[in-house]
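> Below is the structure I would like to discuss, written out as structure tokens.
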Amino acid sequence: MIEIVNKFEKVVYALLMILLMAVLIAAVVELGWLLVTSLVHTTPWLLETHELIAVLGGFLLVLIGVELLDTIKAYFRENTIHVEIVVLLAIIAIARKVILIDPSGMTGYELGVEMMGTGVIVVGLTAGYYLIKKAGITIGSGEENLDRK
């Protein structure tokens, strides 16, 4: 029975990898289109602030997708979850959130609370990433592995 579950799990991960590759192809095409139209649209060969923010957000979104694909690939190959990659993915996602934040639709109080919350998340994630890298911990198959580098 465990053998069947393991094979099913591998099939699900393979399907996830295929679907994520399709999403990444679409995201790269959309990013390329956004970059080309932004460079040619209003002021040729210059990006306005909102266009630059949109392009950087697109780059970070593609980077998040590539890192997620790497996480799935590592699990598929080694049957281990690399916790440091997952935390790094979360750091990239929160950095994307900070870059794309639009303070124009918020009051000063709302913006302050959001920025403080984001700061707490950034500090927590970076502290966790530091501790994980220092310990060299990855988790796989229900047990802890210590990979000293």
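The values are calculated or read from the model by the stated rules, or taken from the named source; none is laboratory data. Just so it is clear, the model here is predicted, and its values are computed rather than measured. Neighbour counts run over all protein chains shown; Cβ positions are idealised from the backbone, glycine included.
> On the basis of being at negative phi, assigned to a helix (DSSP H, G or I), surrounded by 13 or more Cβ atoms within 10 Å (Cβ to Cβ) and in the same structural domain as Ala135 (by TED's automatic domain parsing), does Ala54 make the cut?
Numbers: at negative phi: yes; assigned to a helix (DSSP H, G or I): yes; surrounded by 13 or more Cβ atoms within 10 Å (Cβ to Cβ): yes; in the same structural domain as Ala135 (by TED's automatic domain parsing): no.
Considered against the rule, which asks whether it is at negative phi, assigned to a helix (DSSP H, G or I), surrounded by 13 or more Cβ atoms within 10 Å (Cβ to Cβ) and in the same structural domain as Ala135 (by TED's automatic domain parsing), Ala54 comes out as no.
> It is to be established whether one or more residues within the stretch 61-73 are surrounded by 16 or more Cβ atoms within 10 Å (Cβ to Cβ), assigned by TED's automatic domain parsing to the domain that holds Val12 and not in a helix (DSSP H, G or I).
Within the stretch 61-73 (the criterion being surrounded by 16 or more Cβ atoms within 10 Å (Cβ to Cβ), assigned by TED's automatic domain parsing to the domain that holds Val12 and not in a helix (DSSP H, G or I)), the answer is no, since none of the residues qualifies.
> When you scan the stretch 92-107, do you find a residue that is at positive phi, free of Cβ contacts under 8 Å to residues at least 24 places away in the same chain, not aliphatic (A, V, I, L, M) and not in a helix (DSSP H, G or I), even just one?
Start the filter on the stretch 92-107 by keeping residues that are at positive phi, which leaves none.
Within the stretch 92-107, none of the residues are at positive phi, free of Cβ contacts under 8 Å to residues at least 24 places away in the same chain, not aliphatic (A, V, I, L, M) and not in a helix (DSSP H, G or I).
> With Ala14, Ala22 as the choices, which residue is more than 30 Å from Ala127 (Cβ to Cβ) and without any contact (Cβ under 8 Å) to a residue 24 or more places away in the chain?
On the way: Ala14 fails: without any contact (Cβ under 8 Å) to a residue 24 or more places away in the chain.
Unique residue meeting the criteria: Ala22.
> Still on this structure: State which residue is farthest from Lys10 (Cα to Cα) when the search covers only the stretch 74-87 and only residues that are outside any helix (DSSP H, G or I) and of a type outside the set (A, V, I, L, M).
His82
> Against the definition (aliphatic (A, V, I, L, M), touching a helix residue (DSSP H, G or I) at 6+ places or on another chain (Cβ under 6 Å) and modelled with pLDDT under 90), how does Leu100 come out, yes or no? Even if it seems obvious, please write down each step before you answer.
Working: aliphatic (A, V, I, L, M): yes; touching a helix residue (DSSP H, G or I) at 6+ places or on another chain (Cβ under 6 Å): yes; modelled with pLDDT under 90: yes.
Judged against the criteria, Leu100 is a match.
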